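The values are calculated or read from the model by the stated rules, or taken from the named source; none is laboratory data. These numbers come from a predicted model, not from an experiment. Counting neighbours? That spans all protein chains shown, and the Cβs are built from the backbone with ideal geometry, glycine included.
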């Protein structure tokens with residue numbers, strides 16, 4: 001047996017497609033809409049969530065037998081908030097530049113439904129190692145959607161990728177802009193992110209009929 | 001069978017213990033890291049001020065500060081005077097860059113005469129820069145910046161930053177293409193009265209060739225952040241007008 005058993009591997013790979021936190025569990029939509037106007041922001045947010053969710057899942061899992069059920073949501077919230085604040089402070093002290101890029105996302109991590117969703121659905125019932133894998137898997141699934149949405153929004157909205165102009169210069173009218181292409185400013189606004197997520201859900205469910213719910 | 005964790009007494013004790021543990025943990029982290037953090041913030045302010053006067057490591061398109069190691073040395077080299085203006089009185093203060101504009105504004109309670117206005121005078125390539133820190137609010141949170149003026153109140157450089165504006169939209173005020181648009185803009189109108197610089201939507205001059213129209217092109221989708229930049233330039237730079245009038249007359 002390798003490092004990961006078959007079941008463990010499933011914990012990582014399932015959330016990438018068939019049990020994706022955004023498109024299937026419908027968690028974390030708000031942050032996916034808010035910060036995907038840039039590809040770089042999508043990547044940074046994905047890494048931050050991976051860190052907090054991976055660690056938070058382990059902490060909650062270790063505490064699962066002593067958490068009183070009446071106040072479990074508050075306990076979970078406290079764990080996330082404390083983790084996020086500590087991470088933020090450490091970054092501010094030792095990686096100041098990075099902490100400035102992340103500052104926008106810190107608040108969004110605390111309110112990210114994926115975190116609370118996975119604590120409730122998985123970490124409260126499973127051991128630390130499994131919970132850790134579940135956290136990593138779900139944040140990878142989150143990352144996949146964020147990066148796809150960020151890619152299309154930045155490309156069609158600003159004509160750049162990771163800040164580099166790939167379609168030409170819109171003011172000097174070079175590249176694609178020379179033949180009449182215009183940036184679609186609507187792509188930069190949140191409603192369009194919802195439409196892109198909707199298209200991803202549509203494509204995914206067309207390809208895999210098992211995901212379509214019966215009514 | 002009732003689980004022991006369901007008892008009210010257990011719940012209360014758990015809650016109290018959790019608050020104490022988490023509180024202690026956070027307090028310990030914050031107090032042990034705070035000297036390092038304030039050191040970082042101090043250097044950042046120096047980098048910002050240097051950036052506004054054109055001392056930076058910019059490449060073709062992105063805005064890059066001088067390195068953190070070099071910042072204190074370059075700051076001492078380029079900034080010849082740090083002044084604080086209070087109620088028309090100008091005094092020198094070599095810690096002026098540490099003045100917290102937000103706290104100072106709040107303490108003055110809307111009365112400009114009570115405010116400590118920091119001003120940095122520096123020289124680069126034979127040109128004198130008067131660098132003014134500004135502070136205001138954007139869409140989500142604070143925005144601030146440093147504007148370098150010449151003695152005629154023409155902008156020679158600008159740096160803007162924000163706490164939590166939307167990435168890809170309002171956050172673009174710290175992009176080079178936006179900040180560079182301010183260079184050469186006049187803060188006064190033709191008759192010499194204070195006008196500020198407006199971040200304008202529907203600007204007919206996207207390449208920003210007309211530098212005396214007191215307008216720069218806005219960022220699409222960032223109207224409120226842009227208005228915030230306009231407002232902080234207007235309100236904060238205006239306070240320095242008497243100083244520049246004085247400078248000219250002498």
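Here is how the numbers come out for the structure above:
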{"read-out": "Failed item in (1) away from chain A (no Cβ under 13 Å); (2) in contact with a strand residue (DSSP E or B) (Cβ under 7 Å, 6 or more places away or on another chain), with residue B:113 passing the rest", "value": "(2)"}
{"read-out": "Pairs where the first residue, in region A:76-87, is more than 8 Å from chain B (Cβ to nearest Cβ) and under 14 Å from residue A:123 (Cβ atoms) and the second is modelled with pLDDT of 90 or more and surrounded by fewer than 18 Cβ atoms within 10 Å (Cβ to Cβ), C-beta under 7 Å, 6+ apart", "value": "A:83/A:55"}
{"read-out": "Residue match in region B:50-61 (condition: free of Cβ contacts under 8 Å to residues at least 24 places away in the same chain and part of a helix (DSSP H, G or I))", "value": "no"}
{"read-out": "Residue within region B:70-89 that is in contact with a helix residue (DSSP H, G or I) (Cβ under 8 Å, 6 or more places away or on another chain), outside any strand (DSSP E or B) and within 14 Å of chain A (Cβ to nearest Cβ) present", "value": "yes"}
{"read-out": "Qualifying residue in region A:48-55 (condition: within 19 Å of the chain's Cα centre (by Cα), crowded, with 18+ Cβ neighbours inside 10 Å, within 14 Å of chain B (Cβ to nearest Cβ) and at negative phi)", "value": "yes"}
{"read-out": "Among residues of region B:129-155, those that are in a strand (DSSP E or B) and either more than 13 Å from chain A (Cβ to nearest Cβ) or farther than 19 Å from residue B:75 by Cβ (or both), counted", "value": "18"}
{"read-out": "Test: residue in region A:124-132 that is touching a residue at least 40 places away in the same chain (Cβ under 8 Å) and within 14 Å of another protein chain (Cβ to nearest Cβ)", "value": "yes"}
{"read-out": "Top-ranked residue in region A:147-172 [being free of Cβ contacts under 8 Å to residues at least 60 places away in the same chain, within 11 Å of chain B (Cβ to nearest Cβ) and in a loop (DSSP other than H, G, I, E, B); ranked as surrounded by the fewest Cβ atoms within 10 Å (Cβ to Cβ)]", "value": "A:172"}
{"read-out": "Those residues of region B:156-211 which are surrounded by 16 or more Cβ atoms within 10 Å (Cβ to Cβ), within 12 Å of another protein chain (Cβ to nearest Cβ) and touching a helix residue (DSSP H, G or I) at 6+ places or on another chain (Cβ under 8 Å), in sequence order", "value": "B:161, B:162, B:164, B:165, B:166, B:167, B:168, B:169, B:170, B:171, B:172"}
{"read-out": "Complete set of residues in region B:169-187 that are outside any helix (DSSP H, G or I) and without any contact (Cβ under 8 Å) to a residue 40 or more places away in the chain", "value": "B:181, B:182, B:183, B:184, B:185, B:186"}
